[in-house]
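Read the structure below first, then the notes.
Rule-based calculations on the coordinates, nothing more; no lab input. Model, not experiment: these values are computed from the prediction. Neighbour counts are summed over all protein chains in view; Cβ atoms, including those assigned to glycine, are modelled from backbone coordinates with ideal geometry.
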Amino acid sequence: MEVEPPVSKQRIVIIGPAHPFRGGIADTNEAMARAFQRDGNEVTLVTFTVQYPDLLFPGKTQYSSDPAPAGLDIRRWVHSFNPFNWIASAHKIRRLNPDVVIIRYWLPFLAPCFGSIARLLPKRINIIGLTDNVIPHEKRFMDALFTWYFMGGCNGFMALSSSVLKDLKALSKLPSTYFPHPINDQLPAQIDKQEARERLQLDAKGIYLLFFGFIRKYKGLDLLLEALGDERLAAKGVQLIVAGESYDSMDEYFAIIERHKMEDRVVLKTEFIPSEDIGLYFSAADLVTQTYRTATQSGITQMALHFDRPALITRVGGLDEFIVEGRTGLFSTTDPSDIAKQIDFFLTQDQNDYIEAIKVEKKRFSWDAFVGHFNTFYQESFTP
């Protein structure tokens with residue numbers, strides 16, 4: 001596709017979730033928009049009238065109860081599965097006269113919508129796919145074809161992990177680059193650990209692990225629960241907070257808890273956690289745990305860093321790009337005995353050493369640094 005040279009400051013349209021839709025992608029799209037605004041650009045967020053059909057959405061609601069964010073231009077134009085709407089949405093975007101359109105891509109279901117809108121825009125507009133995933137964690141029929149269709153409408157790509165960049169390069173010869181998923185700077189501030197525990201009615205002197213976010217099979221909550229049953233962790237009274245809405249049946253998890261007789265060591269808050277409460281859970285925890293079976297990157301790791309909390313992550317996909325072993329967190333395999341071993345080792349360490357290292361390390365994951373990288377990539381790839 002032909003492109004035009006960029007101007008120094010640009011009109012940017014970001015297509016993807018934003019208020020009133022809830023979740024990490026919506027939150028980070030809004031953080032990205034603010035970073036582009038700070039850089040002097042004119043930014044419009046184009047989000048959905050309908051994102052998922054209710055039949056395909058496993059949670060309780062797709063919508064946030066928070067007020068609309070101030071200072072952002074958000075347009076609800078896109079119906080994800082109405083082709084006639086895609087034509088109208090492309091026409092409305094065209095009237096904004098953008099220089100760049102950034103399409104946030106994470107799910108093949110949305111590829112027909114995003115790919116069609118991209119193809120309906122004038123060729124003078126540079127279209128960049130910002131990719132959380134191009135090969136989904138839970139594969140379905142037609143995923144590859146849908147992803148190919150989306151990618152064919154773009155001029156270039158920016159991945160949020162090196163593993164996704166590798167996938168992009170295997171699928172396309174178009175310009176592509178990588179910047180690690182930034183930390184959402186719109187998250188609430190950290191609060192005192194003891195205050196957080198008091199407000200959550202937790203033991204002030206307890207040892208708490210945190211599993212945070214939507215519960216899906218690939219995220220390995222079952223592996224973590226099996227590890228929690230290890231006699232080393234049981235002897236130390238290690239407890240687990242599970243905070244997030246379940247997208248799976250909970251029966252398997254209940255069975256593991258019952259088998260290990262851990263009812264008094266697992267705190268289940270299996271509902272969507274509103275933005276204003278996120279800081280409570282991270283601030284109350286000693287260690288954030290991400291025992292994923294598969295992954296590319298995860299906003300949960302970045303949330304842990306924001307709240308100065310070390311993370312235990314499995315060496316899958318691109319998760320290990322965001323943690324410095326022994327300084328900001330630890331790694332394990334997906335074997336529950338190894339997960340338990342690493343947690344037990346962490347408990348022998350000085351947690352303040354981790355916290356001080358995190359304060360230094362997390363500076364490289366800012367949205368302003370992301371914008372600087374985007375600008376360099378854009379100039380090098382699309383300027384004659």
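For THR334 and GLN351, calculate 0.36 nm times their separation in residues minus their Cα-Cα distance, and state this gained length in nm to one decimal.
Numbers: separation 17, 0.36 × 17 = 6.12 nm, distance 2.35 nm.
Extending this stretch completely gives an extra 3.8 nm.
Annotation: Cα Rg of the chain relative to the compact-globule expectation 2.2 N^0.38 Å equals 1.01.
Per residue of the chain, what 222 nm ellipticity follows from adding -39500 (n - 2.57) for every DSSP H run with n ≥ 4, rounded to the nearest 500?
Details: 14 runs with 142 residues, N = 384.
Taken over the chain, the calculation gives -11000 deg cm²/dmol.
Is there a pair in LYS217/LYS269; LYS193/LYS236; LYS269/LYS363; LYS205/LYS269 whose C-alpha atoms are over 25 Å apart, and which pairs would that be? Don't skip to the end; give the middle numbers.
Details: LYS217/LYS269 17 Å; LYS193/LYS236 19 Å; LYS269/LYS363 31 Å; LYS205/LYS269 20 Å.
Over 25 Å Cα-Cα: LYS269/LYS363.
Derived scalar couplings between HN and Hα for segment 42-48 equal 9, 10, 10, 9, 10, 10, 8 Hz in order, rounded to whole Hz, by the Karplus curve 6.51 cos²θ - 1.76 cosθ + 1.60 (θ = phi - 60°), x for Gly and Pro. Averaging 1/r over each pair of different alpha-carbon atoms in segment 210-307 and inverting the result gives 13.8 Å, the Kirkwood hydrodynamic radius. Under the combined filter of DSSP loop state and at most 13 neighbouring Cβ atoms within 10 Å, segment 59-115 retains these trypsin sites (Lys or Arg not before Pro): LYS60.
Do any GluC sites (Glu not before Pro) in segment 222-325 lie in a loop, going by DSSP, with at most 10 other beta-carbon atoms within 10 Å of their beta carbon, and if so which?
Numbers: sites: GLU226, GLU231, GLU245, GLU252, GLU258, GLU263, GLU271, GLU276, GLU321, GLU325; in loops: GLU245, GLU263, GLU271.
When the GluC sites (Glu not before Pro) of segment 222-325 are filtered for loop state and at most 10 Cβ neighbours within 10 Å, GLU263 remain.
Leaving out same-chain residues fewer than 8 places away, which aspartates and glutamates sit with a Cα under 15 Å from that of LYS139? Counting by Cα, and skipping residues close in sequence, LYS139 has these aspartates and glutamates nearby: ASP167.
Cα centroids of segment 349-384 and segment 105-129: 27 Å apart.
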